[in-house]
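Here is the structure we will look at.
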Amino acid sequence: DIIKADFDIKKFTEKYEWLLYTIHSKCNCKIYILSVIRDNQNLINSSLKNIAEKYICEYIDLRTCEKSVLKF
């Protein structure tokens, strides 16, 4: 969805929240949300981080992981 020209962050966030709500209501599991590595990623990653906090999920910033791997 994020590569489409008509990408809508609000719609994306609503769908993501609905997905997490559905998963949480059906099972008891740990959920990890990975950041996006693309152009214009800051708005999307900010939204994903907020969703992770709201739904008590683990947010993993792949940009940080990528920098760590590049050091080796």
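The values are calculated or read from the model by the stated rules, or taken from the named source; none is laboratory data. Since this is a predicted model, take the numbers as computed values, not measurements. For neighbour counting, all protein chains shown are included, and Cβ atoms are generated from backbone atoms with ideal geometry for every residue, glycine included. Side chains are part of the model used for accessible areas, which takes the heavy atoms of the whole protein and leaves out ligands, DNA and RNA. Shrake-Rupley method; radii C 1.70, N 1.55, O 1.52, S 1.80 Å.
General remarks:
- Near Tyr21, once Lys and Arg are set to +1 and Asp and Glu to -1 for all other residues with Cβ below 12 Å from its Cβ, the sum equals +1.
- Rounded to whole Hz, the Karplus (6.51, -1.76, 1.60) HN-Hα couplings of the range 21-28, x for glycine and proline: 4, 4, 5, 4, 6, 9, 8, 9
- Solvent exposure ordering (accessible area, 1.4 Å, most first) of Phe7, Phe12: Phe7, Phe12
- Full extension of the chain segment joining Lys15 with Arg63 gains 14.9 nm, where the gain is 0.36 nm per residue of separation less the Cα-Cα distance.
- With the simple model of a label 7 Å out from the Cα in the direction of the Cβ, His24 to Ile37 spans 2.9 nm.
- Under 5 Å between amide hydrogens, built in the peptide plane, is the criterion, and for Tyr59 it picks out Ile33 among residues at least 5 positions away or on other chains.
- Neighbour net charge for Tyr32 - beta-carbon separation under 14 angstrom, K R +1, D E -1: -1
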